[in-house]
Ligand SMILES: Cc1ncc(COP(=O)(O)O)c(C=O)c1O
C-alpha cells in the first residue's frame, strides 16, 4: 500500500478539546496519528502533527480537516516529500525570530521543503527584554543526508522573514 | 524669626536640594509612610551590615552652581585652543547655531532614552532614519545602522562581522592597510587578539599576498592619498574575502562611493558633520553594508513599519540580532550608542543639504590644493599625488616647523619618521593657508591665490571622482532657511517624551536629573575645540579634570586605578574582561576562560564575555531573584582551574542588595577567579558601600547613569572601569597618546585615549556640586523614593523581590503576569496605556519577562511619584473592570492604547468607553497632555518587510 505523510499545523484560539477534534477528524477520514507537538503560544493554541494515510485517502483527510475551520480551528497541511530516509547527519538548529501566528508551521514547512527531517522541535515564546515584543525561539534537531549542504537549511529558513536568525549549533 | 547664620545664608548645599526631588518635609512624610525615622536608619536597614561603609570621605564639600562653574572655568582655561590641522579622524567643524541651541543644548533631545517605546519617540526615530539614509547615500551601500561608538570600534565590528558572513573561507587572518589611522589599527588588533584572529598590517596594494577572511582600507588614507579602492576591493574579493572601507563623509561628497566599487562594509566617523572634537568624543560612527548581510550587522537599525491604523510608523528593527535578546550569540555587545551625536550629524546634513556639503568639501579641498601648490612651487615634495584634505611631506627641520606652528597657534602632526602632515577642514580660511605655507617654508609667503586658483589641477583622480547622486530625498533639500530648520527640529522634538515632560522610571537605566549647570561646560570651546592628540601642554585643563575625576571615582568605589577610556558600560565590560584575561595569562593561567553569569544578568554581560572569547556558563537564581549560591559553588567547582571570572550586578538586577554578596565573591576567589561587578547600579552604592570593599576586582561605572551624563536618546555615555592594583597593569593603552601608568602594548578599546572626554565635565560638576554629603544623600533618597513607590503600589500589584526585611533597593519589579493570566491584558498594553497618562513605561521584561522594573531615582519629587503611582493604580482599576466584564475584553482603553489625536477626533466614536477616558484619564493630563504621534506599532510587520531608508515625503503626510 502506498502511504502518504502529511504535516499538519494547527492553529486556534485556545479552547478545550482542540486535540480531540483534530484527532477525530484525522482518524475518521482514514488517517493515522504519528507524532505531535502542541503548545499555547501568545494566547493561541498551536500544534504540529505528523500523520500518515493511504495515498487515496489524502483528499478525504484534507476535506475533513478543512471542515474544522467552522469551529475556529485552522489546519495547514503539507505533504512531506521526503522519501524513506537514509541514515544521515544530525543538525542542531537554533532559531530566533519575532513571534507571529503560524511561525511553527512556516519553519516546519521550510525544513520539509528541503527534505530535512525534524526529529525534535522545542519552541518557546517570551516577552523580550526592553522592547517586550514577543520573541520566538526554537531548538530543532533535524536529520539530513550525509552529503547535505547544511547552509541550505539556514538559507531556506532565513528566507521566511528578515528578523529570523538561524544558528547551527555545533 | 531667629537670625540665620552666615553659612545658612550662603546655602552651599543649594544644589543638593535642587538635585533631590523630595524636600526635607516630604522626605519625612515618605519615611513615615514606610515606617522609618531617618534616611540613615533606612539605608542601615536595607544594606547588609557586612558591606556598609561608614567612613565619611573627604572628597569634596558641596558647592553652589555658580562656584562650581567658576572653578571648572578656571580649569578649562588651562586648555589652549589651537587651530587643529592634526586630522587623523578628528576635524574642526562649525556646529550650526540652530543645532547647537536646539539639539545639543536642549533637554528635549538630550534627556530622552533609547527609543524602546516608539510611539512616543517618533521624532528621534525619524532623525535616525534620516541618518541611515544619509549614510546609505554617501557610502553607496544598501543599509546602515544608527550609530556605533567611534570609527575604530566600527572597524573592529567590521572585522567581527566579516568573519560571521564570509562563507567557505576558513582563514583566521584579517588584513589592515598600514595607512589606516593608528588608533583604528590598534583597536582592531585588540579585538582580534581576543577573538584569536591574526592581523596583518601591510601596504594596501599587497592585500592579495595573504590568505585572509577580510581586509580594511582607508579612503582617503592616513597619508592623505586617495587610493584606487576599486582595485583593492576586487583583489580582496578574488580571495573570497570581505572588503571593508573606512572613510570620511565629507570626502565622499567628492569621491565616488565605496559601494559603487563593490565594498561590503563601509564605516567611519560622522564627527566632522557638526560635532565638536571634544578631546576625543562623543561622536557617532557610521556603519553600512549590503542588504544580504542585514542579520549580521551590529548596532541599532531603525526601520519603517505601520501602526494599528495602518499609518507609517518607525521603530527599532531586527532586534533579534541584539544583545538583550541574543545574549552571547549577539552580533555585538553594543547598548548605549551615540544617538544624540548621530542626530546632530544628520541635522548638519539637512541644514546644509547636498549642495552645501559639496561646497564645504570643495572649499576644503581647494584650500588644500592651494597650499599644496605653494609648497611644491617652493620645492616641498608631497608624499602623495592625490589627496582630499590631507597633505604629508618631509621638511629639513621638522622641529623648527612644529615650533613655528605652535608659536602661531597651529597644530600640525608629525609621525615617528619625522613626516609632517596636516588636514584642512571646514574652518580653514585663505588666511590660514597663507599662514601655514609661511610656517612650513619658514618665510613670509606672498602668493596671488586668485591666479593660482585659476590654474589648479584636480587632486582627486578622475576615476574616483563622485558621479553618483546623494541626499536627493526631500528632507535634505527643504530645511535650508533657519526658520524651516528651527521648526523641523521642534516638530520632531514634540513627538518625543523626555525627562522635561515627566518621570521616566526605567529600572537599571537611572534617568536622574541632568542639571543645566552640569551641561553648560560641555559647549565651552575650551573643552569642545580640543583635538584628542593635541600636544600635552595644551591640555593641562583636561589633565587636571581627568586626575580630579580619577581621584574622586577611586575614593567613591575603593578601587586603586581607573581607566577613563571605555565609551559605554558595555565597552567597560569588554575592557574589564580583557584585563582579567591578561592578568590570568600573566600568571601562566591563560587557560582560564569560563565566565559565570547569573541568569538575571543584563544582555551586555554575556555578549561582552563572548567578545573576550570567554565561555559563558549561566548560573541559576533562587526564588528571591538572588544568585543561587549552591549552584554558583557547583559551577565554580566544575569550572575549576578554567574559571576566569564571575560577572555580577550589585545591587542585583532585581533591585535587591543580596546579603550573600561577600560569600559569592569569596567563592569565586577561592577557585582562582576574578569578580567583575557590573556597575549599572552603582547609584545605589555611592556613599553607602563600595564595590572594591565588597570584593569586586573590577567594575564599570556608567557615568550616564550614576553620574548624571544624559542618555541623549540612546547615547552618549561613558563606562570607565575601576580595578584593584593587581589588574592595573592590564588597563587599555593608546597608540598615539600614552596613558599614564599603562604599558603601551596593552591595546586600546576606543579610538580616543580618554573616550568621550568632553562629557566628563558633566560628572565633574555633579560630584562637585553635591559634595560627598550630597552624593550620599542622593543614594539614600533613591532608596527612599523606590521604597515609597513600592509601598504605594504594593496593594495593587505584586512586588516581585525584596530583601529579607521586605525592602527593595533603588528599584523594584512589578509582576504583571498574574493579571495577564487572568485577564489577557499584557505588559505591553499597560506600557502603552501609561502613555495616555503622560508617562514613559518602566523597563519592560528585564530581568524578568512579563514585568515592569521601576526606578524613580532621587531626582523625582514626591508629587511626581504619586502621580505615577496614581496612574498605575487607575490602570489597575481599568483592568479590574475588564476582569469583571464592565469593560469589553477586546475593546477597552488598554488594548487600544495609546490613543492618538486621530482616534479622538474620529467623527463616529464606536468604542465601549468614552473619549475622555481614552485621552484625558486624569485632570493632570487635561492640564498638560502629551499626544503619542502614532498608534500602537506593529513590529512583526516591519521586520517582515524591512525598510531602513526614508519613505517619500508624501508617505509621512498620510
Ligand atoms: C545592568 C546593566 N548592565 C550593563 C548595561 C550596559 O551599559 P551601556 O548601555 O552603557 O553599554 C546596562 C545598561 O543599559 C545595564 O542596565
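In region B:526-535, is there at least one residue being within 16 Å of the ligand (Cβ to nearest atom) and within 26 Å of residue B:717 (Cβ to Cβ)?
No - not one qualifying residue is present in region B:526-535.
Of the candidates A:95, A:140, the single residue that is within 30 Å of residue B:846 (Cα to Cα), in a strand (DSSP E or B), modelled with pLDDT of 90 or more and in contact with a helix residue (DSSP H, G or I) (Cβ under 7 Å, 6 or more places away or on another chain) is A:95.
Residues that are outside any helix (DSSP H, G or I), within 16 Å of the ligand (Cβ to nearest atom), surrounded by fewer than 24 Cβ atoms within 10 Å (Cβ to Cβ) and away from chain A (no Cβ under 14 Å): does region B:476-490 have at least one? No, region B:476-490 contains no residue that is outside any helix (DSSP H, G or I), within 16 Å of the ligand (Cβ to nearest atom), surrounded by fewer than 24 Cβ atoms within 10 Å (Cβ to Cβ) and away from chain A (no Cβ under 14 Å). Scanning region A:29-56 for residues that are within 14 Å of chain B (Cβ to nearest Cβ), within 15 Å of the chain's Cα centre (by Cα) and exposed (fewer than 14 other Cβ atoms within 10 Å of the Cβ) turns up just one, A:40. For the structure I just gave you, tell me whether residue B:662 is within 14 Å of chain A (Cβ to nearest Cβ), at pLDDT 95 or above and surrounded by fewer than 16 Cβ atoms within 10 Å (Cβ to Cβ). When the stated conditions are applied, residue B:662 does not pass them. Answer with yes or no whether residue A:108 is more than 14 Å from every other protein chain (Cβ to nearest Cβ), under 14 Å from the mean Cα position of the chain (by Cα) and surrounded by fewer than 18 Cβ atoms within 10 Å (Cβ to Cβ). No: the conditions fail for residue A:108.
For region A:152-170, the tally of residues that are more than 8 Å from chain B (Cβ to nearest Cβ) and either on the phi > 0 side of the Ramachandran plot or in contact with a strand residue (DSSP E or B) (Cβ under 7 Å, 6 or more places away or on another chain) (or both) stands at 6. So, in region B:837-859, of the ones that are in contact (Cβ under 8 Å) with a residue 60 or more places away in the chain and more than 24 Å from the chain's Cα centre (by Cα), which residue ends up nearest to the ligand (Cβ to nearest atom)? The extreme case among them is B:848. Candidates B:245, B:304: the one that is more than 19 Å from residue A:130 (Cβ to Cβ), at pLDDT 95 or above, over 22 Å from the mean Cα position of the chain (by Cα) and within 14 Å of another protein chain (Cβ to nearest Cβ) is B:304.
Considering every residue within region B:925-935, establish whether at least one is surrounded by 12 or more Cβ atoms within 10 Å (Cβ to Cβ), assigned to a helix (DSSP H, G or I), away from chain A (no Cβ under 14 Å) and modelled with pLDDT of 95 or more. For region B:925-935, residues surrounded by 12 or more Cβ atoms within 10 Å (Cβ to Cβ), assigned to a helix (DSSP H, G or I), away from chain A (no Cβ under 14 Å) and modelled with pLDDT of 95 or more: present.
Picking from residues in region B:614-626 that are modelled with pLDDT of 95 or more and in a loop (DSSP other than H, G, I, E, B), the one that is nearest to residue B:590 (Cα to Cα) is B:614.
Evaluate the following for residue B:625: is it within 16 Å of the ligand (Cβ to nearest atom), assigned by TED's automatic domain parsing to the domain that holds residue B:644 and at positive phi?
On the way: within 16 Å of the ligand (Cβ to nearest atom): yes; assigned by TED's automatic domain parsing to the domain that holds residue B:644: yes; at positive phi: yes.
Yes; evaluated as a whole, the condition is true for this residue.
Residue A:61 - would you say it is buried (at least 20 other Cβ atoms within 10 Å of the Cβ), within 22 Å of residue A:137 (Cβ to Cβ) and at pLDDT 85 or above? Taking the combined requirement at face value, the residue does not satisfy it.
The condition (being within 16 Å of the ligand (Cβ to nearest atom) and under 30 Å from residue B:492 (Cβ atoms)) is satisfied by just one residue among B:758, B:750: B:750. Screening A:72, A:102 for residues that are within 14 Å of another protein chain (Cβ to nearest Cβ), at positive phi and touching a residue at least 12 places away in the same chain (Cβ under 8 Å) leaves exactly one candidate, A:102. Could you go through region A:135-151 and let me know if any residue there is crowded, with 19+ Cβ neighbours inside 10 Å and within 11 Å of another protein chain (Cβ to nearest Cβ). Taking every residue of region A:135-151 in turn, at least one turns out to be crowded, with 19+ Cβ neighbours inside 10 Å and within 11 Å of another protein chain (Cβ to nearest Cβ).
Taking the listed residues B:607, B:575, the one that is within 14 Å of chain A (Cβ to nearest Cβ), at pLDDT 95 or above and within 16 Å of the ligand (Cβ to nearest atom) is B:607, with no other qualifying. Evaluating residue B:75 against the criteria (1) within 23 Å of residue B:715 (Cβ to Cβ); (2) buried (at least 16 other Cβ atoms within 10 Å of the Cβ); (3) more than 14 Å from chain A (Cβ to nearest Cβ) leaves one unmet condition, (1).
Residues in region B:240-281 that are assigned to a loop (DSSP other than H, G, I, E, B) and in contact (Cβ under 8 Å) with a residue 60 or more places away in the chain: how many? Total meeting the criteria: 17. For region B:352-361: of the residues being surrounded by fewer than 24 Cβ atoms within 10 Å (Cβ to Cβ) and on the phi < 0 side of the Ramachandran plot, which is nearest to the ligand (Cβ to nearest atom)? Once the filter is applied, the top-ranked residue is B:352.
How many residues does region B:791-838 contain that are more than 14 Å from chain A (Cβ to nearest Cβ), part of a helix (DSSP H, G or I) and surrounded by fewer than 24 Cβ atoms within 10 Å (Cβ to Cβ)?
5
Residue count for region B:628-650 satisfying the condition of being in a loop (DSSP other than H, G, I, E, B) and more than 16 Å from the ligand (Cβ to nearest atom): 1.
The values are calculated or read from the model by the stated rules, or taken from the named source; none is laboratory data. Everything numeric in this text was worked out from a predicted model, so none of it was measured. Cβ: placed from backbone, ideal geometry, glycine included. Neighbour counts: every protein chain shown.
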